[in-house]
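Written below as structure tokens is the structure these notes are about.
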């Protein structure tokens, strides 16, 4: 029973790492007074933590103690690379680009997009033009539920869904809740609590996690909780330790800025 429980916990760690722990996410927005503008989304996924977590899981199940050897780590990386699809992300995106563009809401246009396979890393990037910022929340990278992969839901399948904009007349309020991917995956999984050992392994896997939002606008900033500012550009930047230290109220507040038109 203990072995089964440990396997379930390790599986949870691997699933969460694949979907969130190795992500580097950047969102950007240029917002005009009429609420039109451009928005960018880039995502870099590092699969090395995933390969190492799978190796540790195999060692745990085999009862092997101690840290993996350099030879074991190299073998795990090579096996992971060999298991990847033959079709490159660039080719896959090129084949599906027209279909994706048709799925965009009226008033939203894809200006640029692409994907690159960098071995144990994969990067996807998109840039959109919109006539009203409220339409960004309708963008989806998968057309319907049937296209989604089994397992925990990708929290970035709808890249701008969390952004809310309220036109207050003379001012505009833009908000977006901060995403804690580890907590989100655990809540969706509904499984047992992680042991201290699993939490430590999860922390190691999440070292590269980063999410950032950049807002550039000619409008006057009335109030903001941005982590830094450079001229007309506001930045919100988070890593896992920052998210873990946030209170529930701070996480719900996430990004918040009020602008004067």
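The values are calculated or read from the model by the stated rules, or taken from the named source; none is laboratory data. Bear in mind the structure is a predicted one, so any value in this text is a computation, not a measurement. Note that each Cβ is placed from the backbone with ideal geometry, even for glycine, and that neighbours are counted across all protein chains shown.
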Checking residue 71 against (1) assigned to a helix (DSSP H, G or I); (2) closer than 22 Å to residue 209 by Cα; (3) modelled with pLDDT of 80 or more, the condition it does not meet: (2)
Residue among 123, 129 that alone is at pLDDT 80 or above, under 23 Å from residue 48 (Cβ atoms), touching a strand residue (DSSP E or B) at 6+ places or on another chain (Cβ under 9 Å) and not in a loop (DSSP other than H, G, I, E, B): 123
Filter result (crowded, with 16+ Cβ neighbours inside 10 Å and modelled with pLDDT of 90 or more) within the range 218-244: 219, 224, 226, 234, 236
Matching residues in the range 20-44 - criterion: being under 10 Å from the mean Cα position of the chain (by Cα) and surrounded by fewer than 21 Cβ atoms within 10 Å (Cβ to Cβ): 24, 26, 42, 43, 44
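Filtering the range 51-74 down to residues that are within 28 Å of the chain's Cα centre (by Cα) and free of Cβ contacts under 8 Å to residues at least 60 places away in the same chain, which residue is nearest to residue 119 (Cα to Cα)? Let's see the steps before the verdict.
Narrowing the range 51-74 to residues within 28 Å of the chain's Cα centre (by Cα): 51-58, 73-74.
Within this subset, residues satisfying the condition of being free of Cβ contacts under 8 Å to residues at least 60 places away in the same chain are 54-55, 57-58, 73-74.
On the way: 54: 17, 55: 18, 57: 22, 58: 22, 73: 15, 74: 13 Å.
Selected residue: 74.
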The range 163-178, subset touching a helix residue (DSSP H, G or I) at 6+ places or on another chain (Cβ under 8 Å) and in a loop (DSSP other than H, G, I, E, B), residue modelled with the lowest pLDDT: 178
